[in-house]
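Taking it in order: structure first as structure tokens, then the write-up.
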Amino acid sequence: ALGCETEYASDGVDAVDAARHGAFDIILMDLRMPKMDGMEATRRIRQLPGPVAQVPILAVSAETRADNLAPCRAAGMDGFLSKPVGQVELIEQLKLWLDPDAAAEQRDRSAA
């Protein structure tokens, strides 16, 4: 409905493999997945060669406590979406992270 093409990974290992072989503008990463959790998958994607290592990665989780945010950032995630993800929130986050200038500004704010 939003004009986006999507690809689904069934677990963290598939997510890393998809990132390695795909060309993505943004990655929505569930924190709880079989075989490899979202934190480890994100760390591995950040270590891949080329531009994929810089693709915005947003954590997606029902675990919305503030103490979950710091580990997500430490793993290399850029933002956080709380489940259930509403359409308005998703669209706002996509607009933010798909705009290179807005994304750079957001990363600077998060690093401060």
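The values are calculated or read from the model by the stated rules, or taken from the named source; none is laboratory data. Values in this document were obtained by computation on a predicted structure and should not be read as measured data. Here Cβ is always computed from backbone atoms with ideal geometry, including for glycine, and neighbour counts include all displayed protein chains. Only protein heavy atoms, including side chains, enter the accessible area calculation; ligands, DNA and RNA are left aside. Shrake-Rupley method; radii C 1.70, N 1.55, O 1.52, S 1.80 Å.
Listed values, structure above:
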read-out	value
Check on Arg107, basic (Lys, Arg) and in contact with a helix residue (DSSP H, G or I) (Cβ under 9 Å, 6 or more places away or on another chain)	no
Within region 55-88, tally of residues that are open to solvent by less than 90 Å² (accessible area, probe 1.4 Å), at pLDDT below 90 and part of a helix (DSSP H, G or I)	6
Contacts under 8 angstrom Cβ, first residue in region 89-112 being touching a residue at least 40 places away in the same chain (Cβ under 8 Å), partner surrounded by 13 or more Cβ atoms within 10 Å (Cβ to Cβ) and not hydrophobic (A, V, I, L, M, F, W, C), 6 or more apart	Trp97/Pro56; Trp97/Asp78; Trp97/Gly79; Trp97/Gln106; Leu98/Pro56; Ala103/Pro56; Ala103/Asp78
Odd one out for Lys35 among (1) surrounded by 12 or more Cβ atoms within 10 Å (Cβ to Cβ); (2) of a type in the set (Lys, Arg); (3) not in a loop (DSSP other than H, G, I, E, B)	(3)
Failed criterion for Gln47 (all others in (1) among the polar types (S, T, N, Q); (2) within 19 Å of Trp97 (Cα to Cα); (3) open to solvent by 80 Å² or more (accessible area, probe 1.4 Å) hold)	(2)
Asp25 being at pLDDT below 90, open to solvent by 60 Å² or more (accessible area, probe 1.4 Å) and either within 18 Å of Glu5 (Cβ to Cβ) or not in a strand (DSSP E or B) (or both)	no
Pairs, first under 25 Å from Gln87 (Cα atoms) and in contact (Cβ under 8 Å) with a residue 12 or more places away in the chain in region 19-41, second in a loop (DSSP other than H, G, I, E, B) and not aromatic (Phe, Trp, Tyr), C-beta under 6 Å, six or more apart	Phe24/Val55; Ile26/Pro56; Ile27/Val55; Met33/Asp11; Gly38/Leu31
